[in-house]
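Comments concern the structure below.
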Amino acid sequence: MNKTARAHTNIALIKYWGKADSKNKLPLMSSLSMTLDQFFTDTRITVSEKNEFFLNGVLQAGKNYQRVFTYLKILQKKFGVSDNLRVESTNHVPTAAGLASSSSAFAAMAGAFCACYNIQLSKRDLSKIARLGSGSASRSIYGGFAIWQKGFDHDSSYAYALDETPVMDLHLLAIELNSNPKKLSSTDGMLQAQTSPFFIPWIKRNEQELSAMVAAIKAQDFSALGQLAELNANEMHAINLTANPGFSYFEPDTIHAIHLVQQLRASGIECYYTIDAGPNVKILAQLKNVKEIIKQFLSEFENVKIVNASFGPGLSYLDQ
Ligand code: ADP
Ligand code: DP6
Ligand code: CO
């Protein structure tokens with residue numbers, strides 16, 4: 001029996017949103033993320049009679065199946081193997097809802113592939129092959145804070161750990177407003193975003209934003225970290241609105257949540273938001289304010305699910 005690989009989902013504080021090379025998933029910018037303890041994917045791959053992909057116990061066809069096997073065929077070619085494979089994956093994160101399921105999914109998939117074929121790789125090489133499945137997956141090989149350096153080719157584009165076990169007081173409250181799968185995937189959204197007149201300025205700001213974020217983390221400066229993360233996310237969503245044609249992942253509840261964060265802040269409860277390619281909002285906060293923020297969100301929104309996450313670990317294998 002092959003081992004099950006577990007990878008935790010990461011949320012970018014400095015975002016990846018734009019590719020230099022779609023096939024190799026080479027980004028136009030470096031990114032920095034926080035790996036979460038509360039969200040993860042478990043994946044097992046075994047040699048089988050036919051290619052099959054089960055997600056959350058359901059046999060997949062169409063796009064999800066295509067994406068997985070296009071990826072696994074690339075890996076098989078790279079490592080000189082060719083079998084039919086049975087892939088079983090369970091998401092402990094909403095799928096395709098802008099909560100970064102592809103980050104934990106393809107990090108776990110890369111790990112499961114290596115377990116299936118007994119391939120031993122360094123974390124750096126794991127990060128590179130995870131990247132080929134989904135760019136953000138390059139960072140989920142590591143726990144804590146990770147940086148994906150953009151690089152310029154397959155060998156130079158990988159993530160590394162900034163701090164795998166941070167002591168910083170930082171919580172991420174995932175406000176699940178709508179966990180249905182989005183209509184526009186991250187892959188397609190970031191391609192369309194490149195038509196914005198603000199796309200080049202966005203790329204140009206990356207280096208300075210990344211180094212400011214690294215400095216905030218090193219200084220354990222929550223205010224600076226939150227301000228930088230919120231600005232970076234707003235820039236990404238401004239690019240989407242100004243693309244040709246313009247689009248947005250925001251829903252009315254997303255705007256409502258942004259207003260609530262602004263109100264909380266004005267009333268002295270320090271918190272910041274970041275939003276990815278979907279309507280759900282993530283709040284950055286310190287432990288002392290977590291209870292009050294949850295209370296306020298529960299009173300403003302009906303049927304909202306709130307998950308209080310903090311730092312999670314890197315890729316691991318489950319004992320069986
Ligand atoms: P997200 O915001 O969730 O990362 P993306 O558009 O980046 O959204 O990626 C979502 C896609 O990733 C899904 O539609 C599916 O094709 C793929 N995916 C998600 N979870 C898994 C999984 N556990 N195994 C394989 N593929 C997955
Ligand atoms: C907004 O890694 O999902 O979450 O490489 O095309 O699979 P592909 O895209 P993906 O994009 C992530 C976009 C983001 C920001 C981030 O995680 O850095
Ligand atoms: Co994704």
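Read the figures in this text as sums done on the coordinates, not as results from a lab. These figures come from a predicted structure and were not determined experimentally. Note: ideal-geometry Cβ built from the backbone for every residue, glycine included; neighbour counts use all protein chains shown.
Out of all DSSP beta bridges in the stretch 171-309, what portion is antiparallel? Express it as a percent rounded to 5. Let's see the in-between values first.
Working: 15 of 15 bridges.
If we restrict to bridges inside the stretch 171-309, about 100 percent are antiparallel.
How large is ³J(HN,Hα), in whole Hz, for each residue of the stretch 252-261 in order, when computed from phi with the Karplus curve 6.51 cos²θ - 1.76 cosθ + 1.60 and θ = phi - 60°, using x for Gly and Pro?
x, 5, 5, 5, 4, 5, 4, 4, 5, 4
Whole angstrom only: what separates the Cα centroid of the stretch 153-210 from the Cα centroid of the stretch 10-79?
Taking the Cα centre of the stretch 10-79 as reference, the centre of the stretch 153-210 is 15 Å away.
Amide H to amide H under 5 Å from SER310: which residues, 5+ apart in sequence or cross-chain, H placed 1.01 Å off N in plane?
ASP37, GLN38, LEU172
Per-residue HN-Hα couplings for the stretch 35-43, Karplus 6.51 cos²θ - 1.76 cosθ + 1.60 at θ = phi - 60°, whole Hz, x for Gly and Pro?
Per residue, the Karplus-derived 3J(HN,Hα) values read 7, 9, 7, 8, 10, 7, 10, 10, 9 Hz.
log10 I(q)/I(0), Debye, Cα-only the stretch 78-163, no solvent, q = 0.11, 0.14, 0.24 Å⁻¹?
Once normalised to I(0) and log-transformed, intensities are -0.30, -0.49, -1.23.
Could you order peptides 125-134, 265-274, 220-229, 57-66 by the average number of other Cβ atoms within 10 Å of their residues, highest first? Can you show the working numbers first?
Numbers: 125-134: 25.4, 265-274: 16.3, 220-229: 18.3, 57-66: 11.6.
So the order, starting with the most tightly packed, is 125-134, 220-229, 265-274, 57-66.
Using only C-alpha positions, report the orientation-averaged shadow area of the convex hull of the stretch 171-309, nm², one decimal.
Values: hull surface 34.8 nm².
Directional mean of the projected Cα hull area for the stretch 171-309 stands at 8.7 nm².
Mind jotting down a quarter of the surface of the convex hull over the alpha carbons of the stretch 143-196, in square nanometres, one decimal?
Its average projected convex-hull area is 6.5 nm².
What percent do you get for the relative contact order of the chain when only Cα pairs under 8 Å and 6+ apart count? Spell out each step's value before the answer.
Numbers: 700 pairs, mean separation 81.4, N = 320.
Rounded, it is 25 percent for the chain.
Kirkwood hydrodynamic radius of the stretch 1-91 from all distinct Cα pairs, in Å?
Working: mean 1/r = 0.0661 Å⁻¹.
Result for the stretch 1-91, one decimal place: 15.1 Å.
Please report the relative contact order for the stretch 1-137, taking Cα pairs under 8 Å with a sequence separation of at least 6, and give it as a percent rounded to a whole number. Provide the component values of the computation, followed by the final result.
On the way: 260 pairs, mean separation 43.5, N = 137.
Computed over the stretch 1-137, the figure is 32 percent.
How big is the stretch 5-166 by Rg and Dmax over its Cα atoms, in Å?
In order Rg, Dmax, the Cα atoms of the stretch 5-166 give 14.6, 44 Å.
Provide the convex hull volume over Cα atoms per residue for the stretch 49-99, in Å³.
Details: hull volume 4.7 nm³, N = 51.
Value for the stretch 49-99: 92 Å³ per residue.
Which of the lysines could a cross-linker span from LYS25 if the Cα-Cα distance has to be under 19 Å and same-chain partners fewer than 8 positions apart are dropped?
LYS15, LYS63, LYS73, LYS77, LYS78, LYS123, LYS128, LYS150
For a quick check: sort LEU260, LEU241 by the number of other beta carbons within 10 angstrom, fewest at the front.
LEU241, LEU260
Find the relative contact order for the stretch 179-301 and round it to a whole percent, using C-alpha pairs within less than 8 Å whose residues are 6+ positions apart.
Working: 110 pairs, mean separation 30.9, N = 123.
Here the relative contact order equals 25 percent.
Over the alpha-carbon set of the stretch 232-293, divide Rg by the Kirkwood Rh and report the Rg/Rh ratio to two decimals. Please list the in-between numbers first.
On the way: Rg = 12.9 Å, Rh = 12.5 Å.
Radius of gyration over Kirkwood radius for the stretch 232-293 works out to 1.03.
Exposure proxy check: HIS256, HIS237, HIS171 ranked by fewest other beta carbons within 10 Å?
HIS256, HIS171, HIS237
Enumerate the whole-percent occupancy of each 20 Å bin, from 0 to the last occupied one, for all C-alpha pair distances of the chain.
34, 58, 8, 0
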